[in-house]
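Visitor: Could you have a look at this structure, given as structure tokens, before my questions?
The values are calculated or read from the model by the stated rules, or taken from the named source; none is laboratory data. Small disclaimer: the values here were computed from a predicted structure and weren't measured. Counting neighbours? That spans all protein chains shown, and the Cβs are built from the backbone with ideal geometry, glycine included.
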Amino acid sequence: MPKKKNTASSLNKEKFLIIGAGNMGIAVIKSLFNHRISSKKIVVIEKNQSSELKKLKRSNNFEIKNSIDKINNLYQPTITLIAVKPNQLKTLNGLDKDNRLGNSIIVSVVAGKKIKDLNKVFKKTSGIVRAMTNTPVSVNMGTTIVYFERKIKTKQKKPIFDFMSLLGQVSETKKEDLIDDFTAIFGSGPAYIYLFINSLIEIANKSGFKNSDSMVLQTFLGSILLLLSGQKKPSDLQKKVTSKGGTTEAALSILASNKGLKSLLTRAVNKATKRSRELSKIS
Ligand SMILES: NC(=O)c1ccc[n+]([C@@H]2O[C@H](COP(=O)([O-])OP(=O)(O)OC[C@H]3O[C@@H](n4cnc5c(N)ncnc54)[C@H](OP(=O)(O)O)[C@@H]3O)[C@@H](O)[C@H]2O)c1
């Protein structure tokens with residue numbers, strides 16, 4: 001887990017511009033406030049303010065404008081988050097024409113948009129970072145990967161790691177292509193886990209349990225906490241539950257067979273990676 005206190009204090013020097021305050025943008029704004037970043041250092045550009053955004057503004061009193069030219073030009077952001085939908089990226093063309101983003105690193109979470117696409121939209125910046133994350137960001141438990149444009153220097157990376165760490169865990173990739181694999185494994189990952197949970201709930205319901213939902217959730221939560229509480233690997237704990245000739249071994253003879261869960265997940269992830277690459281080409 002990131003060290004929240006140090007992370008936040010290192011971000012006190014930064015000035016943030018958030019472009020697009022939908023699901024993702026709002027999760028970021030909330031986490032900045034949760035880490036006591038001053039409302040004077042957060043400016044938001046959003047065309048259609050949702051009731052959630054308005055509520056957030058009422059309690060934190062930060063600036064929201066519908067375009068960059070409405071922002072006081074003395075406000076020079078150092079970190080700009082781009083959180084619009086992929087098909088809306090083109091609406092940001094020319095945004096940096098007055099050199100408003102010249103001192104800013106651009107962090108794009110826009111799915112499928114490569115550094116070369118982003119460079120066409122943002123021409124005068126301190127550098128561009130692609131970040132991909134997943135839905136648990138809304139509870140600050142996201143898994144994020146970042147890819148830095150080559151011109152970004154090591155010392156410029158620290159505030160970006162700290163910024164994205166507000167939303168959970170962050171790793172760097174030196175290969176931009178790996179973002180498609182990340183999307184297929186970790187971006188879509190929560191859906192795989194929910195499918196697994198739901199399948200067990202349905203099986204438990206069929207067996208006649210009355211509170212299958214909470215029993216299955218507790219089994220997941222307990223297994224994860226048990227794993228995190230020790231130094232053991234998942235495979236060690238799996239072996240520990242599996243006695244010779246017992247019930248778990250009977251189930252694993254199907255789930256862990258050659259055509260079992262790993263093979264099925266590999267096929268699923270490969271198909272998702274292929275789709276992610278296709279979408280990057282057409283988005
Ligand atoms: N949600 C996630 O967990 C997640 C995870 C990974 C990546 N992402 C990526 O993050 C991006 C945002 O996703 P989201 O779910 O937050 O989308 P969203 O809820 O649609 O939010 C985007 C917001 O940006 C606004 N907007 C569009 N163009 C604008 C402009 N030119 N100026 C100001 N505001 C503008 C949109 O307004 P309108 O009402 O006009 O559309 C909308 O409110 C996507 O590219 C997605 O791929 C999201």
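Visitor: Picking from LYS113, LYS90, which residue would you name as being basic (Lys, Arg), outside any helix (DSSP H, G or I) and within 14 Å of the ligand (Cβ to nearest atom)?
Guide: Of the residues listed, the single one that is basic (Lys, Arg), outside any helix (DSSP H, G or I) and within 14 Å of the ligand (Cβ to nearest atom) is LYS113.
Visitor: Condition test on VAL129, is it more than 8 Å from the ligand (Cβ to nearest atom) and without any contact (Cβ under 8 Å) to a residue 24 or more places away in the chain?
Guide: The answer is no for VAL129.
Visitor: Any residue at all in the range 48-60 that is over 24 Å from the mean Cα position of the chain (by Cα) and either over 20 Å from MET132 (Cα atoms) or part of a helix (DSSP H, G or I) (or both)?
Guide: yes
Visitor: Collect the residues in the range 19-47 that are among the charged types (D, E, K, R), surrounded by 14 or more Cβ atoms within 10 Å (Cβ to Cβ), touching a strand residue (DSSP E or B) at 6+ places or on another chain (Cβ under 9 Å) and assigned to a helix (DSSP H, G or I), keeping them in residue-number order.
Guide: Residue satisfying the conditions is LYS41 alone.
Visitor: Now for a separate question. Run MET141 past the list (1) within 16 Å of the ligand (Cβ to nearest atom); (2) touching a Phe, Trp or Tyr at 6+ places or on another chain (Cβ under 9 Å) and report the number of the one that doesn't hold.
Guide: Condition (2) is where MET141 drops out.
Visitor: For the list (1) at pLDDT 95 or above; (2) within 14 Å of the chain's Cα centre (by Cα); (3) assigned by TED's automatic domain parsing to the domain that holds ALA27, I need the number of the one condition that LYS174 fails.
Guide: All conditions pass for LYS174, except number (2).
Condition check ((1) among the charged types (D, E, K, R); (2) closer than 16 Å to ILE19 by Cα; (3) surrounded by fewer than 22 Cβ atoms within 10 Å (Cβ to Cβ); (4) outside the structural domain of ALA27 (by TED's automatic domain parsing)) across all residues:
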| site | (1), (2), (3), (4) |
| --- | --- |
| SER104 | no, yes, no, no |
| VAL110 | no, yes, no, no |
| SER138 | no, no, yes, no |
| ILE152 | no, no, yes, no |
| LYS155 | yes, no, yes, no |
| GLY168 | no, no, yes, no |
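Visitor: Still on this structure, please answer the following. Starting from the range 206-218, keep only residues that are free of Cβ contacts under 8 Å to residues at least 24 places away in the same chain, then list their pairs with residues that are assigned to a loop (DSSP other than H, G, I, E, B) whose Cβ atoms are within a distance under 8 Å, requiring at least 6 positions of separation or different chains.
Guide: What qualifies is MET215/PHE209.
Visitor: So for the range 67-83 (the condition being surrounded by 21 or more Cβ atoms within 10 Å (Cβ to Cβ) and without any contact (Cβ under 8 Å) to a residue 60 or more places away in the chain), does at least one residue qualify?
Guide: yes
Visitor: OK, next. Return a yes/no flag: does the range 217-229 have any residue that is assigned to a helix (DSSP H, G or I), more than 27 Å from the chain's Cα centre (by Cα) and assigned by TED's automatic domain parsing to the domain that holds ALA268.
Guide: No; the residues of the range 217-229 include none that is assigned to a helix (DSSP H, G or I), more than 27 Å from the chain's Cα centre (by Cα) and assigned by TED's automatic domain parsing to the domain that holds ALA268.
Visitor: Shifting gears a bit: What single numbered condition from (1) in the same structural domain as PHE16 (by TED's automatic domain parsing); (2) out of contact with any Phe, Trp or Tyr (no Cβ under 6 Å at 6 or more places or on another chain) fails to hold for ASN134?
Guide: All conditions pass for ASN134, except number (2).
Visitor: Further question: Check whether at least one residue in the range 90-111 is at pLDDT 90 or above, in contact with a Phe, Trp or Tyr (Cβ under 7 Å, 6 or more places away or on another chain) and over 23 Å from VAL170 (Cα atoms), and report yes or no.
Guide: Yes: the range 90-111 contains one or more residues that are at pLDDT 90 or above, in contact with a Phe, Trp or Tyr (Cβ under 7 Å, 6 or more places away or on another chain) and over 23 Å from VAL170 (Cα atoms).
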